[in-house]
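Worksheet for the structure shown next.
The values are calculated or read from the model by the stated rules, or taken from the named source; none is laboratory data. Treat the numbers as computed from the prediction; the structure is a model and nothing was measured. Note: ideal-geometry Cβ built from the backbone for every residue, glycine included; neighbour counts use all protein chains shown.
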Amino acid sequence: MTFLPEPRLYILRDHSGIAAMSAICTHLGCVVDKDTSGFLCPCHGSSFSINGIVLTGPALRNLPWYHVNGMPDGTLIANLDKKVSPETRFVI
């Protein structure tokens, strides 16, 4: 997993493909940190699973996933205007 500071995304690559997840806490917009079991908001203590699901608040919404397009030259583009479900997040 790779963190991109701008636009504040985590890029995940595994056997299913490549995906982009927001690194912005859905509580008040702090950048979440990767920890051993998922993600933790350093500002108010919200925790999220590795899939961005809220485990503990105060955040009430999951971290969003974004559609990723693969270009012919191998470039990947995360479309921040197009949210996807965790089940359909991967591009191969």
Of (1) over 18 Å from residue 87 (Cβ atoms); (2) within 10 Å of the chain's Cα centre (by Cα); (3) of a type in the set (Ser, Thr, Tyr), residue 46 fails just (2)
From 69, 62, grab the single residue that is within 10 Å of the chain's Cα centre (by Cα) and within 20 Å of residue 85 (Cα to Cα). 62
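Looking only at the stretch 1-24, count every residue that is among the polar types (S, T, N, Q) and in a strand (DSSP E or B) and tell me the total.
Total meeting the criteria: 2.
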Checklist (1) under 12 Å from the mean Cα position of the chain (by Cα); (2) surrounded by 12 or more Cβ atoms within 10 Å (Cβ to Cβ) applied to residue 2, failing item: (2)
Anything in the stretch 66-91 that is without any contact (Cβ under 8 Å) to a residue 40 or more places away in the chain, among the β-branched types (Val, Ile, Thr) and either within 15 Å of residue 1 (Cβ to Cβ) or not in a loop (DSSP other than H, G, I, E, B) (or both)? List them, or say none. 77, 84, 88
For the stretch 26-65, please list each of the strands (runs of 3 or more DSSP E) lying entirely inside it that holds at least 2 residues being surrounded by 14 or more Cβ atoms within 10 Å (Cβ to Cβ) and free of Cβ contacts under 8 Å to residues at least 24 places away in the same chain. 38-40, 47-49
Quick test for you: out of 16, 85, 22, pick the one residue that is surrounded by 11 or more Cβ atoms within 10 Å (Cβ to Cβ) and modelled with pLDDT under 90. 16
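Can you name the residue in the stretch 54-77 that is farther than 11 Å from residue 25 by Cα and of a type in the set (A, V, I, L, M, F, W, C) and, of all such residues, is modelled with the highest pLDDT?
For the stretch 54-77, the residue satisfying everything is 55.
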